[in-house]
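We did not get these values from a lab; they are worked out from the coordinates using the rules stated. From a predicted model like this one, the values you see are computed outputs, not experimental measurements. As a convention, Cβ positions derive from the backbone with ideal geometry for all residues, glycine included, and neighbour counts pool all protein chains shown.
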Amino acid sequence: ASADEFAIKVKFGIARFFVDPNANLSLNGAIFEIAGEREGDYVSYGVALHFSKVLRGQIDAELLSLVFGAKYAILRGETSLHFSSYIGPSWLLSGNRLEPRTGYLLETGFRPMLRYGLEAERKLGERLNLSSSLQYHFTVKHVYLHNPFRPHKHKDIFQYLSLNVGLGGT
């Protein structure tokens, strides 16, 4: 898309989920996202409504988030490459069930989300784009300020990598 256009994008993807570093759980799932972006020449700003769900694994979890951020053009042209960074609130829904093998419990509730990504986008026409992206999503129930003189550990971490394919138009 050319500079200063508004684009709507829909993305679907697969995800590999990870929880607290001490729990070795195999979790796989899917994501769905609707995003709106104000596209510029080198920096685009946007908002995304993102939903992810664990489909296979020992715990039940769904995450709904509303993130705001920017993506930065690394390469522009018929095929574009972007780095993105988003932040925003999310709501984790889990069964609040103890995983029997490890005793791990993922708590339902509000948590901040941080997301980074790398996206390749190809123009299919004047107003239509096809994209693929690799994204890293990180949430944690309690946020601590890091004090190098006092050891601590984050608890209740829910993070995942997703591989997405999307279609968008201006």
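In table form, for the structure just shown:
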{"read-out": "GluC sites (Glu not before Pro), loop per DSSP, at most 13 other Cβ atoms within 10 Å - longest free stretch of the chain", "value": "1-77"}
{"read-out": "In the chain, lysine pairs closer than 21 Å at Cα, eight or more apart or cross-chain", "value": "11"}
{"read-out": "Karplus-derived 3J(HN,Hα), 6.51/-1.76/1.60, for each residue of the stretch 54-65, Hz, glycine and proline x", "value": "6, 9, 10, x, 7, 10, 9, 7, 9, 10, 10, 9"}
{"read-out": "Value of relative contact order over the stretch 77-139, rounded to a whole percent, pairs C-alpha under 8 Å and six or more apart", "value": "35 percent"}
{"read-out": "Longest segment of the chain lacking trypsin sites (Lys or Arg not before Pro) that sit in a DSSP loop with at most 13 other Cβ atoms within 10 Å", "value": "1-75"}
